[in-house]
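Notes for the one structure printed next.
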């Protein structure tokens, strides 16, 4: 899919990882903690593909939250907390099958306004999600019973 999207000038895949990535048409950047904000700030669309397994269903969606915090639109597998994060934030699209991934990427590539809208929604969601005052009130309410 990324080979086709790249040939058509629609999208290119950049992989940021601690381990070298040598599969498919992509560019690779080594993950470094001090560069994380800069990595995410460059992305227009963040991807979080996951297979549906017991392990991935228990993941916390941190990568998706990082994309949202950077104001990037997101495309994620409808696995575990990803579904709730995308639906509750309105900051991205869900894609399960390969055709759905390609359709989502083509849609976002063709519509800069949609990318900006989804990115803005995701950013606003994260700002509410990490609001320490609101979280303190929630925790206090839980402790009071």
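The values are calculated or read from the model by the stated rules, or taken from the named source; none is laboratory data. What you see is a predicted model; the values in this text were computed from it and never measured. Here Cβ is always computed from backbone atoms with ideal geometry, including for glycine, and neighbour counts include all displayed protein chains.
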For this session: Please specify each residue of the range 3-47 satisfying the condition of being touching a helix residue (DSSP H, G or I) at 6+ places or on another chain (Cβ under 6 Å) and in a loop (DSSP other than H, G, I, E, B).
Result: 10, 11, 12, 24, 25, 44
For this session: Please work out which residue is farthest from residue 66 (Cα to Cα), limiting yourself to the range 20-29 and to residues that are surrounded by 12 or more Cβ atoms within 10 Å (Cβ to Cβ) and touching a residue at least 12 places away in the same chain (Cβ under 8 Å).
Result: 25
Seminar exercise, completed: If we keep only residues of the range 48-90 that are touching a strand residue (DSSP E or B) at 6+ places or on another chain (Cβ under 8 Å) and assigned to a loop (DSSP other than H, G, I, E, B), then the residue surrounded by the most Cβ atoms within 10 Å (Cβ to Cβ) is 72
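Do we find a residue being under 13 Å from the mean Cα position of the chain (by Cα) and at positive phi anywhere in the range 51-71? Let's see the steps before the verdict.
So in the range 51-71, the residues under 13 Å from the mean Cα position of the chain (by Cα) come out as 60-71.
Applying the additional criterion that residues be at positive phi yields 61, 71.
Yes: one or more hits.
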Exercise. Looking at the range 91-109, is at least one residue within 15 Å of residue 126 (Cα to Cα), modelled with pLDDT of 95 or more and surrounded by 19 or more Cβ atoms within 10 Å (Cβ to Cβ)?
Worked result: yes
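If you scan the range 5-19, which residues turn out to be free of Cβ contacts under 8 Å to residues at least 12 places away in the same chain and within 16 Å of residue 110 (Cα to Cα)?
Applying the first criterion (free of Cβ contacts under 8 Å to residues at least 12 places away in the same chain) to the range 5-19 yields 7-9, 19.
Within the range 5-19, 7, 8, 9 meet the criteria.
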